[in-house]
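Read the structure below first, then the notes.
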Amino acid sequence: MLFGRSEFMPEGAGISPDTPRKKGLARLVEILSRDLDGIFLSGSLALLACVPAAILVGIFLWMGSLPFCLLAACCTGWLVGPALTGLYDTILRALRDEPGFWWHTYKRVWKQSFKSSILPGMVFTMLWVLVGYAVFALPRITTVSVSFALVLMLDVAILLTLGSYFWMQNALFESSVSKKLSNCIRMFLGFLPQTALSAAFQLAYWLLIAFLIPRCAFVFLLTGLWVPNLLAMMAVYAPIEKSLHLETLIQEKQQF
């Protein structure tokens, strides 16, 4: 095993069912000490799925061609959706303390969500390309107003949080894309304090990575996509579970 622990833990091993879950940093340490293998590998696979899009889009960004950037995102984004769904499924299983073999469940989720993830993956990749193009164009602008920078930062925060809510649903439910998008907006507004905390975690991570790269690129390779998404889900999971009773619904579904 990569981090010296078994990928399977019997249900309830060492923990009483009535024991309240830890919170904050203690909860993060508990999850990482138990499920780091699966979360790290899921994040690495998601990062690997983004490589084709990053290479092609990077080339066309350097050429300054937005249409070709969007075309590249459309052609390669179909890999991103299933990989993010698999990552979120792994994170959510860790948050609800669900035991099992990571690779077995990951493969099953990939197969089950592949078709439903293709189009959303392409669309989200194209949206991120638009943001990337705007950021790439900033050095060419002689005067960048504070309002423009704030609007761009707000766009990034909204896209990060709505993306988190969407891929969370994609890992949990089978429903139409329009229904998931509608739920994204409802959760965004209904859990606004937690949404803001989720956005803060993700923005802080990506700003740190932008500051470190290329001097410490290995930090990004190690933390990949799993660190910001894990922190984002930890910020919003408790109120969503309390409101929607996700774990009860999942347990009832697994019994059939």
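With respect to being at pLDDT 90 or above, among the β-branched types (Val, Ile, Thr) and more than 21 Å from Ala238 (Cα to Cα), Val151 falls outside the description. Restricting segment 68-92 to residues that are within 24 Å of Ile240 (Cα to Cα) and either free of Cβ contacts under 8 Å to residues at least 24 places away in the same chain or of a type in the set (A, V, I, L, M) (or both) leaves a set whose member that is surrounded by the fewest Cβ atoms within 10 Å (Cβ to Cβ) is Leu92. When segment 151-175 is limited to residues that are of a type in the set (Ser, Thr, Tyr) and closer than 16 Å to Phe124 by Cα, the one that is surrounded by the fewest Cβ atoms within 10 Å (Cβ to Cβ) turns out to be Tyr165.
Selection of segment 185-204 for residues being farther than 27 Å from Leu119 by Cβ and either buried (at least 17 other Cβ atoms within 10 Å of the Cβ) or hydrophobic (A, V, I, L, M, F, W, C) (or both) yields Leu192, Gln194, Ala196, Leu197, Ala200, Phe201, Ala204.
Taken as a whole, the condition of being of a type in the set (Ser, Thr, Tyr), exposed (fewer than 13 other Cβ atoms within 10 Å of the Cβ), more than 17 Å from the chain's Cα centre (by Cα) and modelled with pLDDT under 90 does not apply to Ser182. Those helices (runs of 4 or more DSSP H) of segment 24-99 in which 1 or more residues are among the acidic types (Asp, Glu) occupy 24-63, 80-95.
Residue-level check: of (1) more than 18 Å from the chain's Cα centre (by Cα); (2) modelled with pLDDT of 95 or more, Gly12 misses just (2). In segment 185-201, the condition of being within 18 Å of the chain's Cα centre (by Cα), under 20 Å from Leu152 (Cα atoms) and in contact (Cβ under 8 Å) with a residue 40 or more places away in the chain is met by at least one residue.
The values are calculated or read from the model by the stated rules, or taken from the named source; none is laboratory data. This structure is a prediction, so every number in the text was calculated from the model and none was measured. Every residue, glycine among them, receives a Cβ derived from its backbone with ideal geometry; neighbour counts consider all protein chains shown.
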